[in-house]
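See below for the structure under consideration.
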Amino acid sequence: MKYTRITALAAISLAATLSLTACGNDASGKNSSSQGSSSSASSSDGGSKSESGTGSASSTSSSSSSSGGSSKSEGGSGSGEDTKAGAANGATTTGSKVTFCKTEDLAIDAQDSSPDATTGTIDITMMNRGSTTCSASGFAGVDIKDSDHTSEPIPRGHAVPRITTLKPGDAAVFNLSYTIDPSGNSLTHPTNIEVTPPNETHTVSLKWPAGAGQIKGSYADVEVYPTHTTN
């Protein structure tokens, strides 16, 4: 009888232990589940904040980029319009192009203009007898013809050409310069001056001016200078 009571008590104690163990496991499970749920909720909230922050930054960046792009576009458009306007103004102020004077429209003559007995100067004048304004800027081509029927080209002097624009009736002049030989034994005997106006191909033959001093040396020692206006 005593053995039976001990056995029954042992069975009741074992049952109680198993019950407590089961309760502990259940509580532990609930706590674990609760923590997992809380962690999941926290993670979800964090993700939401992250997305919100990203969206805000993206929106700000997009807005800034859009604003900057619009500003640049407007600036570029303004610059282009200013450039076009400037080009248009330049085009309207350029004016019409002046053509070169043609030989047939020029009255050309030569005269002695020597300032003294040692410096020989021959002025060659070209007057515009045409009906339009023309340019006679630059060096004329000049050959001197000798009494032996030969001719020599005259080299250019060291001078910078000037702009020489001739209205109808205006005149331009250029000169030949040389040293006069007073001995009377010059080896040159010029008879004609062959003149081709600047930027032209047609030539006019002029008489060597009467009374002009003789040339010292050769025709290579004579120099031609660029045209300029007489005004």
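The values are calculated or read from the model by the stated rules, or taken from the named source; none is laboratory data. This structure is a prediction, so every number in the text was calculated from the model and none was measured. Backbone-built Cβ (ideal geometry, glycine too); neighbour counts: all protein chains shown.
In table form, for the structure just shown:
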read-out	value
Number of positions in the stretch 182-196 that are surrounded by 15 or more Cβ atoms within 10 Å (Cβ to Cβ) and either out of contact with any Phe, Trp or Tyr (no Cβ under 8 Å at 6 or more places or on another chain) or not assigned by TED's automatic domain parsing to the domain that holds G138 (or both)	4
Any hit, the stretch 150-163, residues being touching a residue at least 40 places away in the same chain (Cβ under 8 Å) and farther than 25 Å from F100 by Cβ	yes
Enumeration of residues in the stretch 197-231 that are loosely packed, with under 14 Cβ neighbours inside 10 Å and not polar (S, T, N, Q)	H202, K207, A210, G211, G217, A220
Selected residue (criterion: surrounded by the fewest Cβ atoms within 10 Å (Cβ to Cβ)) from residues of the stretch 127-145 that are within 18 Å of L166 (Cβ to Cβ) and out of contact with any Ser or Thr (no Cβ under 7 Å at 6 or more places or on another chain)	S131
Of all residues making up the stretch 156-173, the number that are surrounded by 13 or more Cβ atoms within 10 Å (Cβ to Cβ) and closer than 17 Å to N199 by Cα	8
Test result for L176, surrounded by 14 or more Cβ atoms within 10 Å (Cβ to Cβ) and under 18 Å from C101 (Cβ atoms)	no
Residue count, the stretch 205-231 (criterion: over 25 Å from A107 (Cα atoms), small (G, A, S) and either in a loop (DSSP other than H, G, I, E, B) or not assigned by TED's automatic domain parsing to the domain that holds R156 (or both))	2
Those residues of the stretch 166-218 which are closer than 17 Å to T229 by Cβ and of a type in the set (A, V, I, L, M, F, W, C), in sequence order	L166, A171, A172, V173, F174
